[in-house]
Amino acid sequence: MKKTLAGLLLFVLFGLTTGRTGVKVHIHMTAQLNCTFAQGHCKAYTSLSVVSSNEDLQMLKEAAGEKYDHSWIYSQKKSCKLLKYEDTTTSAVNYLFINHSDCAITHNGAWHSKSCSAKYPFFCYVNFILVQENKTWEEALKYCRSHYTDLVYFHFPWPVNQIKSETNNAQTDRVWTGLRFLNAAWNWLNKAKVSESTFSLPSCPPEPNRCGARNIKTEQWENRDCEEKLNFICLKKKEN
């Protein structure tokens with residue numbers, strides 16, 4: 001299959017795991033968009049990354065490295081902010097959130113107004129929830145859509161380390177994902193096609209082994225019987 005998960009160069013970072021709240025993953029988008037278009041793009045995930053502490057800034061810095069410089073995020077006031085690489089001090093964060101309601105950028109330790117129409121890279125984030133209940137693929141799909149947003153799918157490379165930290169608590173060796181073989185191809189639930197070679201999946205799996213699971217022991221993708229009952233990962237787009 002020539003079509004793969006196309007898209008932007010992405011850098012993924014583990015954010016927070018606390019029980020059933022799941023794991024928050026920050027994604028650094030290297031495409032340059034203005035604030036409005038960046039917000040719109042992030043709606044496919046959850047939102048522009050919301051930064052509320054110096055620790056949050058440090059995580060973004062570690063995720064994207066030098067490419068962190070000048071990237072859109074959200075402040076607690078839900079206004080766009082631009083981050084600069086060296087400004088990851090508590091005082092800089094507090095000044096950013098308290099004193100600026102418009103788009104702003106840092107330079108030499110000070111904040112300056114910036115046009116919201118300026119184009120820069122940006123951070124989105126998304127939440128994943130491990131559900132420790134054994135269900136078939138269809139049952140897992142219905143559960144995720146009823147309680148969260150969907151069975152997990154991706155617009156970006158699978159965040160191995162971040163998901164592993166969440167699935168360590170799984171009660172089954174495999175977990176269901178939103179990956180399924182339909183119309184002669186493996187697809188995510190958002191209809192994005194995936195490469196069989198990248199995911200090590202058979203190009204034409206026999207029925208009923210046409211549902212995609214992640215083996216948390218071997219860290220490999222597997223086609224499984226859709227009626228098998230496994231734990232699963234839900235995608236949560238909306239915050240409570």
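The values are calculated or read from the model by the stated rules, or taken from the named source; none is laboratory data. It should be emphasised that the depicted structure is a prediction, and the values quoted were computed from it without experimental measurement. When we count neighbours, we look across all protein chains shown, and the Cβ atoms used for this are built from the backbone with ideal geometry, even at glycine.
Results, tabulated for the structure shown:
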read-out: Some residue of segment 135-145 being exposed (fewer than 15 other Cβ atoms within 10 Å of the Cβ), within 19 Å of G22 (Cα to Cα) and modelled with pLDDT of 95 or more; value: yes
read-out: Inter-residue pairs, beta-carbon under 7 Å, first within 18 Å of E228 (Cα to Cα) and in segment 165-187, second surrounded by fewer than 14 Cβ atoms within 10 Å (Cβ to Cβ) and not polar (S, T, N, Q), 6+ apart; value: D173/K217
read-out: So G22, is it among the small types (G, A, S), touching a helix residue (DSSP H, G or I) at 6+ places or on another chain (Cβ under 8 Å), at pLDDT 70 or above and farther than 12 Å from F122 by Cα; value: yes
read-out: Residue that is assigned to a loop (DSSP other than H, G, I, E, B) and in contact (Cβ under 8 Å) with a residue 24 or more places away in the chain, where the choices are N209, N223, N190; value: N190
read-out: Whichever residue in segment 194-234 is more than 12 Å from V175 (Cβ to Cβ) and within 21 Å of the chain's Cα centre (by Cα) and, among such residues, is surrounded by the most Cβ atoms within 10 Å (Cβ to Cβ); value: V194
